[in-house]
C-alpha cells in the first residue's frame, strides 16, 4: 500500500463512527482535500485489497472497515511505539515447528559455521530451532530486517552457490543464542535459532511450544 493510500485509510477510519462511514466520494474529496477521482480510486483499491467493504445506498454508500484494516493500523502503532522507546532490543514470540531438516546441512558448511562463530562467539550446534511468528507480531519481523545487522557473505562450493545469511545476537532464558535469516527465503514469518547446544533436547521443547526470545541490536 502506498503512503497516500494509507494516509487516506487512516483519515477515513478517524471520521468513521462505530466501524463504518456513511458518505459519498464527493464528501470525502472535500473533507480530505483530494479530487473525487482520487477518493474513488483509493476506495476501489482498498476494497480489492480486503481492507474495506462497501454497501451502496440510494444517496451514497456505507463503508465498513474489515479486520485487515485494523491489523494495519495496529502494526503502524507498534512500530511507532518501538521508535519512541528508543530500545536496542526487541522481544519476539514464536511457536516451535519442525522444518525440513536442512539446518544441519547448512550449519555444517565451513563458511557458515566459522562465520557464526566469528559473529556470535561460540561454535554452533549443527542444527537450527525453527519458530513461526504469529500474525500479530509480524511487524517485529520488519523491524528486525531493517535494523543494521552482521552477515555471512555468499560463497560457492562444488559448483553450488550458498546465499548471504544475516545474523543477530539474541537471548533465550538468559542463554546467548543467535538468530539467522537467509537473504533468500520463502518465509516471512520464520526465525531460525542457533545455539551451543541442541535447544530442543536441553529444554525438552516440542512442536507448538511458544518461546520468547530477545534480539539485541548492536
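Every number in this text was worked out from the coordinates using simple rules, so none of it is lab data. Computed from a predicted model, the values in this text were never measured in an experiment. Positions of Cβ are generated from backbone atoms using ideal geometry, with glycine treated the same way; all protein chains shown enter the neighbour counts.
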**Message:** Below 8 Å, C-alpha to C-alpha, sequence gap of six or more: please give me the relative contact order for the chain in percent.
**Reply:** 19 percent
**Message:** What is the ratio of the Cα radius of gyration of the stretch 126-218 to 2.2 N^0.38 Å, with N the residue count, to two decimals?
**Reply:** 1.13
**Message:** Show me the three semi-axes of the equivalent ellipsoid for the stretch 66-163, from the C-alpha gyration tensor (sqrt of 5 times each eigenvalue), largest first, rounded to whole Å.
**Reply:** 32, 17, 13
**Message:** Cut-off is 10 Å between beta-carbons; in what order do 105, 21 appear when sorted fewest neighbours first?
**Reply:** 105, 21
**Request:** State the Kirkwood hydrodynamic radius of the stretch 1-109 in Å, one decimal place, computed from all pairs of distinct Cα atoms.
**Result:** 16.9 Å
**Item:** Degrees between helix 36-48 axis and first principal axis of the chain (Cα, 0 to 90, nearest 10)
**Value:** 50 degrees
**Complete:** With label points set 7 Å from each Cα along the Cα-to-Cβ direction at residue 71 and residue 209, the distance between them in nm comes to 2.8 nm
**Message:** With Kirkwood's inverse mean 1/r over C-alpha pairs for Rh, give me the Rg to Rh ratio of the stretch 150-198, two decimals please.
**Reply:** 1.04
**Message:** Between helix 110-120 and the chain, what is the angle of the helix's C-alpha long axis to the longest principal axis, kept within 0 to 90° and rounded to the nearest 10?
**Reply:** 70 degrees
**Message:** For the stretch 127-170, what does the convex hull of the Cα positions come to per residue, in cubic angstrom?
**Reply:** 113 Å³
**Complete:** Taking the convex hull of the alpha-carbon atoms of the chain and averaging its shadow over every direction gives an area in square nanometres of 15.6 nm²
**Request:** With everything on Cα atoms, drop me the angle between helix 67-85 and the longest principal axis of the chain, reported from 0 to 90° to the nearest 10.
**Result:** 60 degrees
